[in-house]
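Inspection log for the structure reproduced underneath, given as structure tokens.
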Amino acid sequence: MPRGDGTGPMGQGQGAGKGMGQGRGKRGGGGGGQAGGGLGFGPGGACVCLNCGNSVAHEQGVPCSQANYPKCGAPMSRQRS
């Protein structure tokens with residue numbers, strides 16, 4: 001099986017082979033992306049306080065939804081730049 005497509009060695013006819021296939025079982029390849037499957041907003045933008053509406057620069061690697069606004073302690077949300 002020179003190409004792993006189940007057709008057998010070169011020059012041996014066209015019969016169905018016994019190749020492993022390219023399924024996506026437990027060992028199959030998967031897609032990339034972030035945890036949860038979201039695409040994210042990228043590195044820029046700002047986090048906006050849900051209580052007072054003030055914003056701070058987004059810190060890369062820390063989701064806005066897991067951070068609190070420093071002045072009032074309220075949760076924040078991501079704002080697209």
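The values are calculated or read from the model by the stated rules, or taken from the named source; none is laboratory data. Since we're looking at a predicted model, the values are computed, not measured. Note that we place each Cβ from the backbone using ideal geometry, even for glycine, and neighbour counts take in every protein chain shown.
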Among the residues of region 23-58, how many are assigned to a loop (DSSP other than H, G, I, E, B), surrounded by 10 or more Cβ atoms within 10 Å (Cβ to Cβ) and at pLDDT 90 or above?
5
Taking residue 10, is it among the aliphatic types (A, V, I, L, M) and modelled with pLDDT under 75?
yes
Out of the residues in region 59-81 that are modelled with pLDDT of 90 or more and outside any loop (DSSP other than H, G, I, E, B), which is nearest to residue 44 (Cα to Cα)?
78
For region 51-61, name all the residues that are within 15 Å of residue 80 (Cα to Cα) and either out of contact with any strand residue (DSSP E or B) (no Cβ under 9 Å at 6 or more places or on another chain) or among the aliphatic types (A, V, I, L, M) (or both).
53, 56, 57, 60
Taking the stated definitions as given, is residue 17 loosely packed, with under 10 Cβ neighbours inside 10 Å, modelled with pLDDT under 55 and either in contact with a Leu (Cβ under 7 Å, 6 or more places away or on another chain) or not aromatic (Phe, Trp, Tyr) (or both)?
no
